[in-house]
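Chemist: Mind having a look at this structure? Questions to follow.
The values are calculated or read from the model by the stated rules, or taken from the named source; none is laboratory data. All of these numbers come straight from a predicted model, not from anything done at the bench. With ideal geometry, Cβ positions are generated from the backbone for all residues, glycine too; neighbour counts draw on all protein chains shown. To get the accessible areas, we keep the full protein, side chains included, count just its heavy atoms, and leave off ligands, DNA and RNA. Shrake-Rupley method; radii C 1.70, N 1.55, O 1.52, S 1.80 Å.
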Amino acid sequence: RYEFQVVDPNAPDDILSDLEREQQHIKLSSISVPLEWDYRNDMLSPTSGYLITVAPEYAFPLFSAEVEFFKIRTGISNYLNTSFGRINWGVRMGATRVASLNPDEPANLQIPLASRFFAGGATSHRAFRTDRLGIPGETLEEDGTAIGGNALVLVNVEFEKPLWGALNGVLFVDGGNVWIEPGDISFGDFRWGI
């Protein structure tokens, strides 16, 4: 799939943060080849099976777009139905490499904001608010504002048990983080939540 994006938010200054204002005018030209192997019994509410995704992307200068990078996102999710409840688990990873890295600037700031990895929220790491997972001073500002990064690892495990009618109880453990670049990934930086 080929995609050309023009990121040009039109909103009052009091709504946009300083970071968004600095990055708001972006043109991005990219080609991606998303692949999926979907063996779930239901796409919207799976109870068994698994899903594997691989999505490489190459952004390059074309039609006034100036950035060049390679990005890959991968993931696997598995759904196991047992006699005592359902166990769901998933692992997601992502990495981005800048084509012409400037050693005087952090690698994540050389990627457009719209193309960086962010984590936190109901669909990624439930112990953190949306986009608030990261390393302070690196992928988060000291005040908690999300900067984003070029590397992401997320692990989610949950046990779901029907309680009464349509009411289910869920116990989950989420872990992971967002790093400036793939070489910075460290298990010691994982943040966990239950």
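Chemist: Compute the semi-axes of the equivalent ellipsoid of the stretch 50-134, taking the square root of 5 times each eigenvalue of the Cα gyration tensor, and list them largest first in whole Å.
Modeler: 33, 16, 10
Chemist: If you don't mind, there's one more thing I want to ask. Mind listing the phi-derived Karplus ³J(HN,Hα) values for the stretch 86-91, rounded to whole Hz, using 6.51, -1.76 and 1.60 with θ = phi - 60°, and x for any glycine or proline?
Modeler: Those phi angles translate into 10, 10, 10, 9, x, 10 Hz.
Chemist: Measure off, as a whole percent, the carbon and sulfur share of the 1.4 Å-probe accessible area of the chain, all protein chains present.
Modeler: 57
Chemist: Give me the extension gain from Glu66 to Leu167: residue separation times 0.36 nm, minus the current Cα-Cα distance, reported in nm with one decimal. Write down the numbers at each step before the final one.
Modeler: Details: separation 101, 0.36 × 101 = 36.36 nm, distance 5.06 nm.
The Glu66-Leu167 span can extend by a further 31.3 nm.
Chemist: Related question: Give the relative contact order (percent, whole number) for the chain; include only Cα pairs under 8 Å separated by 6+ residues.
Modeler: Relative contact order for the chain comes out at 15 percent.
Chemist: What nm distance separates the two modelled labels at Leu101 and Thr53, each placed 7 Å from Cα along Cα→Cβ?
Modeler: About 2.7 nm separates the two model spin labels.
Chemist: While we're looking at this one, here's another question. Quick one: what are the phi-derived ³J(HN,Hα) couplings along the stretch 32-38, Karplus 6.51/-1.76/1.60 with θ = phi - 60°, whole Hz, x for glycine and proline?
Modeler: Whole-Hz 3J(HN,Hα) from phi for the stretch 32-38: 9, 10, x, 10, 9, 10, 10.
Chemist: Over all pairs of distinct alpha carbons, what does the Kirkwood formula give as the hydrodynamic radius of the stretch 59-100, in Å? Write out the running numbers ahead of the final one.
Modeler: Working: mean 1/r = 0.0745 Å⁻¹.
So the Kirkwood estimate lands at 13.4 Å.
Chemist: Calculate the FRET efficiency for Trp192 and Phe4 from the Cβ-Cβ distance with a Förster distance of 41 Å, rounded to the nearest 0.05.
Modeler: 0.55
Chemist: Once fully extended, how much extra length lies between Phe84 and Arg129, figured as 0.36 nm per residue of separation less the alpha-carbon to alpha-carbon distance?
Modeler: 13.1 nm
Chemist: Still on this structure, please answer the following. In whole Hz, what ³J(HN,Hα) sequence does the stretch 124-140 give by Karplus (6.51, -1.76, 1.60; θ = phi - 60°), x for Gly and Pro?
Modeler: Working through the residues one at a time gives 9, 10, 6, 7, 10, 5, 3, 6, 9, 8, x, 9, x, x, 10, 10, 10 Hz.
Chemist: Also, quick follow-up: Using alpha carbon coordinates only, what is the Rg to Rh ratio of the chain, with Rh defined as the Kirkwood radius?
Modeler: Details: Rg = 18.7 Å, Rh = 18.4 Å.
Checking Rg against Rh, the ratio lands at 1.01.
Chemist: Leaving out ligands and nucleic acids, and using a 1.4 Å probe, what accessible area per residue does the stretch 120-189 come to in Å²?
Modeler: Details: 3620 Å² over 70 residues.
Per-residue accessible area for the stretch 120-189 comes out at 52 Å².
Chemist: Given the DSSP H assignment, sum -39500 (n - 2.57) over each helix run of at least 4 residues in the chain and divide by its residue total; what's the result at 222 nm in deg cm²/dmol, nearest 500? Write out the running numbers ahead of the final one.
Modeler: Details: 1 runs with 5 residues, N = 194.
Theoretical 222 nm ellipticity from helices: -500 deg cm²/dmol.
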